[in-house]
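One structure below.
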Amino acid sequence: MQKVFLSFIFIALFSTTSWAQNKSNSEVIVSGKIQDKDTKTPLEYATVVLKSNIPGKLATGGITNENGEFNFSVETGTYTVSFEYIGFKTQAVADKIITKDINFGITYLSEDAQALGEVEIIAEKTTVEIKLDKKIYNVGKDLTVRGGTVSDVLDNIPSVSVDVEGNVALRGNDNVRILINGKPSGLVGLNSSEALRQLPAESIERVEVITSPSARYDAEGTGGILNIILKRSKLQGLNGAITANAGYAPAAGLSGNINYRTGNINIFNTTGYSYREVPGQSTTSNRYFNKDYDANGILIADNPDTYLDESSEYDRIRKGFNTNFGVEWYVDDSASLTTSVFYRNNDNESNTANTVQRFDENRNLTSTSLRLDPELEDDKTIQYALNFDKRFNDSGHKLTFDFQYEDTQENENSLVNTNGLISEKVGNLEDQQRILLQTDYVLPIGEKSQFELGYRGNFNNTTTDYSVAFLDTDTNTFESSSDLTNVFKYREYLTAVYTQFGSKIGKFSYLLGLRLENTQITLDQPTSGDFSKKDYTGLFPTVNLSYQLTEKESVTLAYSRRLRRPWSFFLNPFPSRSSITNVFQGNPDLDPSYSGQVDLGYIKRFGKFTFDTSAYYAHATDVFNFISYDSGNTVLIEGEQVPVINRGPINLSTEDRLGFEFTLGYRASKKWNINGNFNFFQNETEGITPNGLDLSNKSTSWFARINNKYTLPGGVESQTQLFYRGPSEDAQNTREGSFSTNLAFSKDVFNERASISFNVSDLFNSRKRVQTTTTPTFYAESEFQWRERSFNLSFTYRFNQQKNRQERQRNSNGGGEEFEG
């Protein structure tokens, strides 16, 4: 299957249609037709590969059009001719002597069995590849995300969910490692949720969902890994695409990709600019139990309860520019060197109006305070990357090397206005430098086995300079707060070596791996003089097994050991506040959480249905829990002292996570395709806080997604997505279920060189988080909506990337790029 897929890419992107050129005297015409053996329907984009019997000569060939026909010119000679299509058995003719024009007639291909640990499900232009250690979702024509962001794309991937605050979860677990092109990247930024909301959806080629990562990947991420692969064309000549979009709430954007390939040089660039306004809101009602206890926990004063209502209106403006420029040099037929530079500049505004109302025990209003927080944020990232790839032969024997350096700065400043007076200045400057070194060696052993050995080093230095200054009304000057102002330096050096071995024995496939990771963390707080180090080393075995029951049915079993490292934000002990009554504070004593997880999967294709399901279990220790508690401090609002609520992470004892999911796809016809995804998960946590608060809890939740695509009359494609997140509960919080709907329409125009799309996100404006929080000292009800319903209209134009690529010219030497077997 790998050969088929790679040859398809090679032929489709490089070698098609020398037909537009004048034939030389040594060239002849090769033609014919390829059809599905069962349905007798033409196979569009099927490939015809002609591999010369002369050693070292590059392969050539062509692809079929919408009628399954192919027609291209080749030099005379002796070839092995292969007729290939993804998901179908290859037909080959060896030692075919071609000295004159030849028509192969109709070639019939039948569906193929699974390759090594791999099945492919074809669904219109969007495909899913299921491999031993991951599922690959090719984004294709997902209408609901056109003109949207990467965050929108992820929210449409089965097993993945994005909550109202932009936090990404995989099967309900929010500890997800997000990679770009297989590596940590500045595209994600310091604030991954915000960065993913600003990258254009059109920049994505596919998303790899890795629930049981092999030893090749970092051990970070107890929920798994999402690897986002960006588009990069290798078509011969000049080609590209441009997308413009506009919408409401006011939004506009322009993005495009361009590629120029000539000879052994490939130059590529992807650039985008976006502007969007993101209105949102939140409300919180607090009831404080004003009871006092002595050191033995005996009630000594039962004061009347008091109430506080807090509401916030968010008016956000997100302006972002990003560009990625690179050059790929094919040193020879077996080696390539790629260099790239990525630059991102986001200019954001967030105007928050925070109203606090204080009530007595009879719910009589006693005071009101209005806090305006106009925040300006400037984020910049520059990243340099270098990749070297050496293939020793066509069997997969190769060596790769990667180097990456990036510098990210995030600068936030605000002048807080309280009741009409500027009373507070807040600044936060975060600077991060990261270096990545990685090398990987793959050695095939026989035809069905493979050995791999690699090294990876991640070196991260982050400095956070947080300052708060209050207005001194006597001197009319701002004075820095020693309780809040601080500098926090965080250093994380990770070194890892790994090895894995995979093989296929009959219908049984396996991939066994072992990874050794060492992490060294330094916490330096010059403001307070505190300094500490953490050093931990761990072994992380991985096992991925697959058994092919029939050609259309297989079972997989996987085990992996993972960990969750605390982010620098979780470790910073100085408080940062979204309001004067709610404060987040990190915990420098936080330790990593380790987990072992087992995953059992099953997939079956029958008729027009595809059924994919898995059950999983994970046991974790030293689990992170974010708890809310009365800090014991108060803040003066309109002459009254109001309690300050703190929220922060702690390590609890253990967590057991059990769940299952299934995806059912039904392709009724060429015009109608529907699929649904259901995830159920249960968490059981046991643990007691240092002050004796028992947070043991057992919670159950689920989410479901239905995606329906139908082609209306006139060639208008429609897509409807329904998503429901079930209610959930933990030791302190109870969340209600939420429902949302996305709707989209698209029409190809200009002979399929362009598309126009219209979509509605959150059609019923119902995507909200509603929860209650209960602690011994207070009770709170809250509602939060990050983004209101939005509309978007987009237009995409493709030049030299149209559907029928049979007029693509070959390169000057008459061949295409060599493809891997």
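Key figures for this structure:
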item: Matching residues, segment 608-646, being modelled with pLDDT under 80 and not in a strand (DSSP E or B); result: 638, 639
item: Cross-chain or 6+ apart pairs with Cβ under 8 Å, segment 213-242 first and closer than 30 Å to residue 497 by Cβ, then at pLDDT 85 or above and of a type in the set (Phe, Trp, Tyr); result: 215/498; 215/540; 216/498; 219/540; 225/217; 232/268
item: Unique residue being surrounded by 16 or more Cβ atoms within 10 Å (Cβ to Cβ) and more than 26 Å from residue 731 (Cβ to Cβ) when the list is 542, 581; result: 542
item: Filter result (at pLDDT 90 or above, surrounded by fewer than 17 Cβ atoms within 10 Å (Cβ to Cβ) and in contact with a Ser or Thr (Cβ under 9 Å, 6 or more places away or on another chain)) within segment 647-659; result: 656
item: Single match in 709, 747, 698 (criterion: part of a strand (DSSP E or B) and without any contact (Cβ under 8 Å) to a residue 24 or more places away in the chain); result: 698
item: Cross-chain or 6+ apart pairs with Cβ under 8 Å, segment 665-691 first and under 23 Å from residue 776 (Cα atoms) and without any contact (Cβ under 8 Å) to a residue 40 or more places away in the chain, then surrounded by 14 or more Cβ atoms within 10 Å (Cβ to Cβ) and of a type in the set (Asp, Glu); result: 684/655; 684/656; 686/655
item: Those strands (runs of 3 or more DSSP E) lying entirely in segment 284-392 with at least 1 residues in the same structural domain as residue 434 (by TED's automatic domain parsing) and within 30 Å of residue 460 (Cβ to Cβ); result: 306-332, 335-359, 365-391
item: Any hit, segment 759-769, residues being of a type in the set (Phe, Trp, Tyr), in a loop (DSSP other than H, G, I, E, B) and closer than 21 Å to residue 704 by Cβ; result: yes
item: Matching strands (runs of 3 or more DSSP E) fully within segment 447-553 where at least 1 residues are modelled with pLDDT of 90 or more and in the same structural domain as residue 373 (by TED's automatic domain parsing); result: 449-472, 486-505, 508-525, 530-550
item: Criterion violated by residue 597 - all others in (1) farther than 21 Å from residue 225 by Cβ; (2) in contact with a His (Cβ under 9 Å, 6 or more places away or on another chain) satisfied; result: (1)
item: Search result, residues across segment 660-699 that are under 30 Å from residue 609 (Cβ atoms), over 27 Å from the mean Cα position of the chain (by Cα) and either modelled with pLDDT of 85 or more or of a type in the set (Ser, Thr, Tyr) (or both); result: 669, 672
item: All positions within segment 547-577 that are among the hydroxyl-bearing types (Ser, Thr, Tyr) and without any contact (Cβ under 8 Å) to a residue 60 or more places away in the chain; result: 547, 550
item: When residues of segment 149-204 are limited to those that are modelled with pLDDT under 65 and β-branched (Val, Ile, Thr), the one nearest to residue 789 (Cα to Cα); result: 164
item: All positions within segment 592-604 that are surrounded by fewer than 19 Cβ atoms within 10 Å (Cβ to Cβ) and either modelled with pLDDT under 90 or hydroxyl-bearing (Ser, Thr, Tyr) (or both); result: 602, 604
item: Failed criterion for residue 216 (all others in (1) part of a loop (DSSP other than H, G, I, E, B); (2) touching a Gly at 6+ places or on another chain (Cβ under 6 Å); (3) at pLDDT 70 or above hold); result: (2)
item: Residue, farthest from residue 161 (Cα to Cα), within segment 783-821, restricted to residues that are at pLDDT 85 or above and surrounded by fewer than 19 Cβ atoms within 10 Å (Cβ to Cβ); result: 797
item: Qualifying residue in segment 372-391 (condition: surrounded by fewer than 15 Cβ atoms within 10 Å (Cβ to Cβ), touching a Lys or Arg at 6+ places or on another chain (Cβ under 9 Å) and not hydrophobic (A, V, I, L, M, F, W, C)); result: no
item: Subset of segment 353-381 (residues that are within 23 Å of residue 251 (Cβ to Cβ) and touching a residue at least 60 places away in the same chain (Cβ under 8 Å)); result: 379, 381
item: Filter pass, residue 568 being crowded, with 20+ Cβ neighbours inside 10 Å and modelled with pLDDT under 85; result: yes
item: Residues of segment 86-129 classified as at pLDDT 85 or above and in contact with a Phe, Trp or Tyr (Cβ under 7 Å, 6 or more places away or on another chain), total; result: 5
item: Extreme residue, nearest to residue 723 (Cα to Cα), among residues of segment 662-680 that are assigned to a strand (DSSP E or B) and of a type in the set (Gly, Ala, Ser); result: 676
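The values are calculated or read from the model by the stated rules, or taken from the named source; none is laboratory data. Treat the numbers as computed from the prediction; the structure is a model and nothing was measured. Neighbour counts run over all protein chains shown; Cβ positions are idealised from the backbone, glycine included.
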